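The structure appears below as structure tokens.
The values are calculated or read from the model by the stated rules, or taken from the named source; none is laboratory data. Quick caveat, the model's predicted, so the values are computed rather than measured. All Cβ positions, glycine included, derive from the backbone under ideal geometry; neighbour counts span all protein chains shown.
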Amino acid sequence: MNNVTDDNRPPLLVLVGPTAVGKTALSLQLAHALNAEIISGDSMQVYRRMDIGTAKLMPEHREEIPHHLIDICEPEHPFSVSEFQSLCTQKIQDIHSRGRIPFIVGGTGLYVESVCYGFQFQDIGADESFRIEMRNFAHEQGAQALHDRLNAIDPISAAKLHPNDEGRVIRALEVFHLTGKPLSESQDQKRGDDKKSPYRLCIIGLTMDRAELYGRIEHRVDDMIADGLVEEVRSLLQLGVPRDSVSMRGLGYKEIAAYLAGETNFEDAVAILKRDTRHFAKRQLSWFRHMKALEWVDVGEAAKNNDLFPRICAIIAGKFMIDIEYICS
């Protein structure tokens, strides 16, 4: 690779975008071209035995390109953003030491940003009795009432969280309970900018027409059901994974778990899953739009011109100052 830049920071390639936009296929193509290793930037793919609901690339399809931070912990483990940041930073160093490019691919905005800009996380701690109190409140008054409590003290965090994201809503309330300060205030203080990033960043965001994206989401959910999502969730529950664990509150798992518990019928569970996934994609796009130094690429527009890969290559070449012919060859 012909690299001509005075910036001595190590390069870090990042590909983000909403669920179902097409990140996986493109990431494999780019990783081949760039001699890169992929680091999953997805908060759910860290869990073992949670494959279908997380749209995880199966091991046989990961053989040619090394993938990291997939299947690294049990579903009972409450994996956190600070844990991801630490592990991901180590992986980036390891990949650089082998002379390859680290390539984060995923849709969990906070996880990705925490690495790109070196967020500093304080050990705020926890108050289990407060968490139980908030769970009971949500059970009695509803998810919206819990979300309203957060909105009253931290409207910025509330705007980023769906009322159904009970775990993160409670955590934001807990931070305020423990520190007297909104979670958003401490996060804003920790956010860096491109000049303070420890890496020479190239962040590419994929987007597409909203109606087309929602159509893809509908098909993805149908495919997950056909591939055995119900059986996957049933197996996890039979293994004793608690329904209130971080992993089981993920999209696809909480909806199907509710169906298996007899709290809703199958058709309604699938409809709720599709709706919540659409809402999730909308929140992802909102988060990414606030990320600095992100280069947007419209997948639908590029597909019409049959130039998605060359367009991405041109962005990478400009950011990393490398020969575009090298990437596209």
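For segment 58-152, list the helices (runs of 4 or more DSSP H) that sit wholly inside it and hold at least 2 residues that are exposed (fewer than 14 other Cβ atoms within 10 Å of the Cβ) and at pLDDT 90 or above; which are they?
Working: elements: 81-97, 109-116, 128-141.
In segment 58-152, 81-97 are the helices (runs of 4 or more DSSP H) which contain 2 or more residues that are exposed (fewer than 14 other Cβ atoms within 10 Å of the Cβ) and at pLDDT 90 or above.
Looking at ILE170, ILE104, which is the one that is among the aliphatic types (A, V, I, L, M), within 30 Å of ALA20 (Cβ to Cβ) and in the same structural domain as ASP276 (by TED's automatic domain parsing)?
Numbers: ILE170 fails: in the same structural domain as ASP276 (by TED's automatic domain parsing).
Just a single option satisfies the conditions, and that option is ILE104.
Checking the conditions here, which among ALA269, ALA257, ALA226 is without any contact (Cβ under 8 Å) to a residue 12 or more places away in the chain and in a helix (DSSP H, G or I)? Even if it seems obvious, please write down each step before you answer.
Numbers: ALA269 fails: without any contact (Cβ under 8 Å) to a residue 12 or more places away in the chain; ALA257 fails: without any contact (Cβ under 8 Å) to a residue 12 or more places away in the chain.
The conditions single out ALA226.
Specify the residue that is farthest from GLU113 (Cα to Cα); the eligible residues are those in segment 30-42 that are modelled with pLDDT of 95 or more and not hydrophobic (A, V, I, L, M, F, W, C).
GLU37
Criterion first (over 30 Å from GLU267 (Cα atoms), surrounded by fewer than 16 Cβ atoms within 10 Å (Cβ to Cβ) and at pLDDT 85 or above) does PRO198 satisfy it?
Details: over 30 Å from GLU267 (Cα atoms): yes; surrounded by fewer than 16 Cβ atoms within 10 Å (Cβ to Cβ): yes; at pLDDT 85 or above: yes.
In short, yes.
Looking at VAL241, VAL270, VAL230, VAL297, which one is surrounded by 15 or more Cβ atoms within 10 Å (Cβ to Cβ), closer than 30 Å to ARG100 by Cβ and modelled with pLDDT of 95 or more?
Working: VAL241 fails: closer than 30 Å to ARG100 by Cβ; VAL270 fails: closer than 30 Å to ARG100 by Cβ; VAL230 fails: closer than 30 Å to ARG100 by Cβ.
Residue meeting the stated conditions: VAL297.
I want to confirm something. Restricting to segment 244-267 and keeping residues that are over 20 Å from ALA55 (Cβ atoms) and of a type outside the set (A, V, I, L, M), which single residue is surrounded by the most Cβ atoms within 10 Å (Cβ to Cβ)?
Let us first name the residues in segment 244-267 that are over 20 Å from ALA55 (Cβ atoms), namely 244, 258, 260-267.
Then keep just the ones that are of a type outside the set (A, V, I, L, M); that gives 244, 262-267.
Values: ASP244: 12, GLY262: 7, GLU263: 11, THR264: 16, ASN265: 10, PHE266: 12, GLU267: 9.
Restricting to residues being over 20 Å from ALA55 (Cβ atoms) and of a type outside the set (A, V, I, L, M), the top hit is THR264.
Quick one: which residue in SER97, SER86, SER114 is on the phi < 0 side of the Ramachandran plot, assigned by TED's automatic domain parsing to the domain that holds ASP227 and touching a residue at least 24 places away in the same chain (Cβ under 8 Å)? Give the derivation first.
Working: SER97 fails: touching a residue at least 24 places away in the same chain (Cβ under 8 Å); SER86 fails: touching a residue at least 24 places away in the same chain (Cβ under 8 Å).
Unique residue meeting the criteria: SER114.
Within segment 24-36, does at least one residue satisfy the condition of being touching a residue at least 12 places away in the same chain (Cβ under 8 Å) and either outside any helix (DSSP H, G or I) or outside the structural domain of PRO310 (by TED's automatic domain parsing) (or both)? Please lay out each step first, then the result.
Quick first cut of segment 24-36, residues touching a residue at least 12 places away in the same chain (Cβ under 8 Å) only: 24, 26-36.
Applying the additional criterion that residues be either outside any helix (DSSP H, G or I) or outside the structural domain of PRO310 (by TED's automatic domain parsing) (or both) yields 35-36.
Looking for residues that are touching a residue at least 12 places away in the same chain (Cβ under 8 Å) and either outside any helix (DSSP H, G or I) or outside the structural domain of PRO310 (by TED's automatic domain parsing) (or both), one finds at least one in segment 24-36, hence yes.
From (1) more than 22 Å from the chain's Cα centre (by Cα); (2) outside any helix (DSSP H, G or I), pick out the condition that doesn't hold for ASP244.
(1) is the only condition that ASP244 fails.
Among the listed residues ILE52, ILE104, identify the single one that is hydrophobic (A, V, I, L, M, F, W, C), touching a residue at least 40 places away in the same chain (Cβ under 8 Å) and closer than 28 Å to ARG9 by Cβ. I'd like the intermediate steps shown before the answer.
Numbers: ILE52 fails: closer than 28 Å to ARG9 by Cβ.
Only one candidate passes the filter, namely ILE104.
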